[in-house]
Structure formats: C-alpha cells, structure tokens
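Let me begin by presenting the structure, written as structure tokens, before commenting on it.
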Amino acid sequence: MVKTHDELALMRISGRLLARVFEMLDETDLAGMSTLAINDLVERFITHDLAARPASKGQYGFKFVLNCSINQVVCHGVPDAGTIVRDGDIINLDITLEKNGFIADSSKTYLVGEVAPVARRLVRVAQEAMWQGIRQVKPGAHLGDIGFAIERHAKRHGYSVVREYCGHGIGREMHEAPEVMNFGKPGKGVRLREGMTFTIEPMVNQGTRRVETEEDGWTVVTGDGKLSAQFEHTVAVTATGVEVLTLRRDEVGV
C-alpha cells in the first residue's frame, strides 16, 4: 500500500503522461465522433506520442483503452462505432496509462457543445465533490473522511452518490488495496500514511443512487434514466497533505 520514494517518482511520470492525454482531449471537438473513434485516438496518443501502454486494454477481458459513459451511463461504457457523441451530451472518459511498470488512472466528464444548465450543474458538483474528497487527504486522516466529504457535498446539492463502485489503491496493479468509498463516517476506515497512493472517483447521480448493468455485462446506467457524472484523480499521501499525480494544467491552483 505504501510506495517508496523511487516508486512515487515513477508514478509521477505515469500521472503526468496521463494528464497529457486529457489535455489533448480538451482540444478535441468530440461532437460527431463515435466513441470508438475517441478510443482509437487515445490509443494512438498513448502508444505513439507518449510511448506508454494503455493499462485498461486486456484488463478483465476488456478490449478497449478507455470507458466512455454518456449521459445516463454511470461507468464502464464500452466504445462502439455506432455510438455518436452529440451536441448537448455529457460524456465521462475514464483512462488508465502504464509507464515503467506503474499505472495512473483518471477520468473527466466533458460538456459537449450546448449543454443544458441542469447537466452543467451536475458536472460541476461532481467535480467539486472529488476535490472535497481530495482535500481530506493527509497523514493521520481516514478513508471515511474522504467518503463523508464527497457524499455531503453531493447531497447538499440534491444529488446522490453511487455506492457500488469506488476508488482504489493503485501502483504496479490497476486495482490495489484499499477500496476508497464515496461515502463514509469521519474518523473511520483505514488511517492514511505518507506514501499511500490511490484514486478518488465519485460518481454523482441526478436522481436515485441505484444503478443497473446492461446486457453487455459492462455498461452501468442509472436506475431512473437520469444523468450521472464522474471525475477521478490518482493521488499520493505526502508528509504534509496530498499530491495529485494526474493533475492537468487547467487545474493548477484549484
């Protein structure tokens, strides 16, 4: 669970590279693209431009390099040539990258074109909830502090937090201990120590927190068909607080 100084240095490299993937997507017009075309664009960028490995491809039998979750899709959306991103959609892109044996994991929900105010508000609150959780990270804090802060922020704005899926430890493996829940009680759960690395990834629903898995066995959707938004970063516990390993340029100073 706790990484050495040298291991953290390698994780920083993976994190910086993954941030570059999202910075590339920030400059891409997603409207009119199929989700498979986005997948292929990201795969080329990771493998050719960054000389890294898309860690999700082949994991658990998954054939693609990212999850693309549109509107009511909560997570694990499967890239498909027939699924076209439309003006007004919100789409979460969840991407992993491995370099030098260490993995980084991050996701962002994109606003495509003219998005309705209610959807913009949901996306904003989901991102704020992630940062509320990140701000709890420091030596001596507990995982319950993170989950409590995330759920409290979402509920204050009238939203619910998905409980079936959560953050996780990360390093040489994509999913390591501990599980990082998006709900909890202050002072409860694993006590944080310097050198721990894990993801924080709240999934915030417009309506019910209940979710359903579609027939493909991957795609998870909201139980009531309403919108869902997600954000994720890989973080490290430092001597004085937290370092966001997948931080993007547009987030510096957040």
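The values are calculated or read from the model by the stated rules, or taken from the named source; none is laboratory data. Computed from a prediction, not measured in an experiment: that's the story for all the values here. Note that each Cβ is placed from the backbone with ideal geometry, even for glycine, and that neighbours are counted across all protein chains shown. Just so you know, the surface numbers come from the protein's heavy atoms only, side chains and all, with ligands and any DNA or RNA stripped out. Shrake-Rupley method; radii C 1.70, N 1.55, O 1.52, S 1.80 Å.
Dividing the alpha-carbon Rg of segment 186-225 by 2.2 N^0.38 Å yields what?
Details: Rg = 15.6 Å, N = 40, 2.2 N^0.38 = 8.9 Å.
Normalised Cα radius of gyration, segment 186-225: 1.74.
Taking only complete DSSP H runs, can you tell me which helices of the chain stretch 24 Å or more along their own long axis by Cα positions and average at least 0.0 on the Kyte-Doolittle scale?
On the way: long enough: 5-26 (31 Å, 0.27); 117-134 (26 Å, 0.07).
The qualifying helices are 5-26, 117-134.
Placing one identical point scatterer on every Cα of the chain and ignoring solvent, what is log10 I(q)/I(0) from the Debye formula at q = 0.10 Å⁻¹?
Cα-only, vacuum Debye calculation for the chain: -0.44.
Find the relative contact order for the chain and round it to a whole percent, using C-alpha pairs within less than 8 Å whose residues are 6+ positions apart. It would help to have the intermediate numbers written out before the result.
Numbers: 636 pairs, mean separation 58.0, N = 254.
Computed over the chain, the figure is 23 percent.
Tell me, what is the per residue accessible area of the chain in Å², probe radius 1.4 Å?
On the way: 10910 Å² over 254 residues.
In whole numbers, the chain has 43 Å² accessible per residue.
Where does segment 106-183 land on Rg(C-alpha)/(2.2 N^0.38 Å)?
On the way: Rg = 13.9 Å, N = 78, 2.2 N^0.38 = 11.5 Å.
After normalising by residue count via 2.2 N^0.38 Å, the value is 1.20.
Charges only on Cβ, +1 for Lys and Arg, -1 for Asp and Glu: so what's the dipole of the chain about the Cα centre, in debye to the nearest 20?
In debye, rounded to 20, the chain gives about 960.
Less than 13 Å Cβ to Cβ from Gly171, Lys/Arg counted +1 and Asp/Glu -1: what total charge do the surrounding residues give?
Net local charge, Gly171 excluded: -2.
For segment 73-132 and segment 186-209, compute the distance between their C-alpha centroids and round to whole Å.
18 Å
May I ask for the net charge around Asp216, where only other residues with Cβ less than 13 Å from the Cβ of Asp216 are counted and Lys, Arg are +1 while Asp, Glu are -1?
On the way: positive: Lys63; negative: Asp80, Glu212, Glu214, Glu215.
Result for the neighbourhood of Asp216: -3.
Along the three principal axes, how long is segment 167-254 when you take its alpha carbons, biggest first, rounded to the nearest angstrom?
Taking max minus min along each principal axis of the Cα atoms, segment 167-254 gives 43, 31, 29 Å.
Taking the Cα atoms of segment 105-254, what is the range of coordinates along each of the three principal axes, in descending order and whole Å?
Principal axes ranked by extent give 42, 33, 30 Å for the Cα atoms.
With a 1.4 Å probe and every protein chain kept in, tell me what percent of the accessible surface of segment 1-136 is carbon plus sulfur. Each step should come with its number before you reach the end.
Working: 2820 of 5640 Å².
Here carbon and sulfur together make up 50 percent of the probe-accessible area.
Taking a threshold of 28 Å on the Cα-Cα distance, which of the pairs Lys108/Lys155; Lys108/Lys226; Lys57/Lys155; Lys3/Lys188 fall above it? Walk me through the numbers before you get to the answer.
On the way: Lys108/Lys155 21 Å; Lys108/Lys226 19 Å; Lys57/Lys155 35 Å; Lys3/Lys188 23 Å.
Exceeds cut-off: Lys57/Lys155.
Could you tally the net charge around Val137, taking each other residue with its Cβ under 13 Å from the Cβ of Val137, Lys/Arg +1 and Asp/Glu -1? Display every interim value, and only then the final one.
Working: positive: Arg135, Lys138, Arg191, Arg193; negative: Asp145, Glu194, Glu243.
After counting each charged neighbour, the total is +1.
Please give, to one decimal in nm, the separation of the simple spin-label points placed at Ala81 and Lys188, each 7 Å out from Cα toward the Cβ.
Result: 5.0 nm between the two label points.
Name the chymotrypsin sites (Phe, Trp or Tyr not before Pro) in segment 1-97 that are in a loop by DSSP and that have at most 15 other C-beta atoms within 10 Å, would you?
On the way: sites: Phe22, Phe45, Tyr60, Phe62, Phe64; in loops: Phe62, Phe64.
Answer by residue number: Phe62.
For segment 15-103, what log10 I(q)/I(0) values come out of the Debye formula at q = 0.12 1/Å, with one point per alpha carbon and no solvent?
Debye intensities relative to I(0), on a log10 scale: -0.33.
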